[in-house]
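Engineer: Before we start, here is the structure in question, set down as structure tokens.
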Amino acid sequence: MKPRVPFALVMAVGFILISGCIDITSKNSANQTASASSVTPISNTTNALVNKTANTTPALASDLKGSLKVSISGCLHPANLTVFLDREPVGTVEPKSPLYLMVSEGNHTVMVCLGPVCEQENVTTRFGRYVTVDFSEQLQHDVKLPNPTDQPTARILEYYKNGNVVSVFVEFINPESTDHTFAAGLSLGYTYIDGRSHLKLGDSAQVKTTVSVKAGQKETKRLDMYLVSNGQVLTYGNPVIEELKVT
């Protein structure tokens, strides 16, 4: 005789098993959802790529540069001059060492200065274009630089007479790389009619001066030579530099 299992018991066990399957399935679904949430959505990746592409733009025209060469190649003076681009110092230039620059496209002002004398040129730079500016001719003309092989010297530029005073303009030139002090003595011969005896007499005037001149520079100084004060000057000769000492 087979044992009989009550129908109610079979139904209860079935419900329990079904409930367990449902619980297991729910846990697995929760884990899958958590794992999926840790992955960056495709839509966000697409936005990032779009933004990266948008930020990668072609170079602007203002970013383009042209080549510029600044030189004083024909300058006889051993100068080391500062180069200014649009009034900003950008480097130095020497007779044997030009200055090479990469400059943004557009109009610019290039300038070099030697003492109080400044030379400038306006240039236009373009991408792929080579522009050269040489200031040697302007410097030679305006500054009248001495030859570096010459010794420190002085020369009379001009002179004129006003009454019984002869004004002499003397230029002191120092072509060397060190500062020097010049001590000069000038003289000038003349004839005159003495105011008391009315005789024709001869005499000379002298003057001395000391001038400091920096390396590679020159200085011009006016010297006044006073002639006789109690007579009438008839003739006078050329003023000469009788003495010159350089220390």
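The values are calculated or read from the model by the stated rules, or taken from the named source; none is laboratory data. Quick caveat: nothing in here was measured; it's all calculated off a predicted structure. Heads up, the Cβs are rebuilt from the backbone with ideal geometry, glycines too, and the neighbour counts pull from every protein chain shown.
Engineer: Being of a type in the set (A, V, I, L, M, F, W, C) and either assigned by TED's automatic domain parsing to the domain that holds Leu139 or more than 16 Å from Tyr190 (Cα to Cα) (or both) is the filter here, so list the residues in the stretch 209-240 that pass it.
Structural biologist: Answer for the stretch 209-240, where residues must be of a type in the set (A, V, I, L, M, F, W, C) and either assigned by TED's automatic domain parsing to the domain that holds Leu139 or more than 16 Å from Tyr190 (Cα to Cα) (or both): Val211, Val213, Ala215, Leu223.
Engineer: Just need a number here: residues in the stretch 73-100 that are at pLDDT 85 or above and part of a loop (DSSP other than H, G, I, E, B).
Structural biologist: 3
Engineer: Could you tell me whether any residue of the stretch 208-215 is touching a residue at least 40 places away in the same chain (Cβ under 8 Å), closer than 30 Å to Val110 by Cα and of a type in the set (D, E, K, R)?
Structural biologist: yes
Engineer: Considering only the stretch 152-162, I want to know if a residue exists there that is among the basic types (Lys, Arg) and under 22 Å from Leu244 (Cα atoms).
Structural biologist: Of the stretch 152-162, the ones among the basic types (Lys, Arg) are 155, 161.
Checking which are under 22 Å from Leu244 (Cα atoms) leaves us with 155.
Yes; the residues of the stretch 152-162 include at least one that is among the basic types (Lys, Arg) and under 22 Å from Leu244 (Cα atoms).
Engineer: Being in contact (Cβ under 8 Å) with a residue 24 or more places away in the chain and more than 18 Å from Lys96 (Cβ to Cβ) is the filter; apply it to the stretch 127-142 and report the residue that is surrounded by the most Cβ atoms within 10 Å (Cβ to Cβ).
Structural biologist: Among those that are in contact (Cβ under 8 Å) with a residue 24 or more places away in the chain and more than 18 Å from Lys96 (Cβ to Cβ), it is Val131.
Engineer: Looking only at the stretch 101-120, count how many residues are at pLDDT 90 or above and either exposed (fewer than 14 other Cβ atoms within 10 Å of the Cβ) or in contact with a Pro (Cβ under 6 Å, 6 or more places away or on another chain) (or both).
Structural biologist: Residues that pass the stated criteria total 4.
Engineer: Same structure, new question: Please indicate, with yes or no, whether at least one residue in the stretch 167-183 is in contact with a Pro (Cβ under 7 Å, 6 or more places away or on another chain), among the small types (Gly, Ala, Ser) and on the phi > 0 side of the Ramachandran plot.
Structural biologist: no
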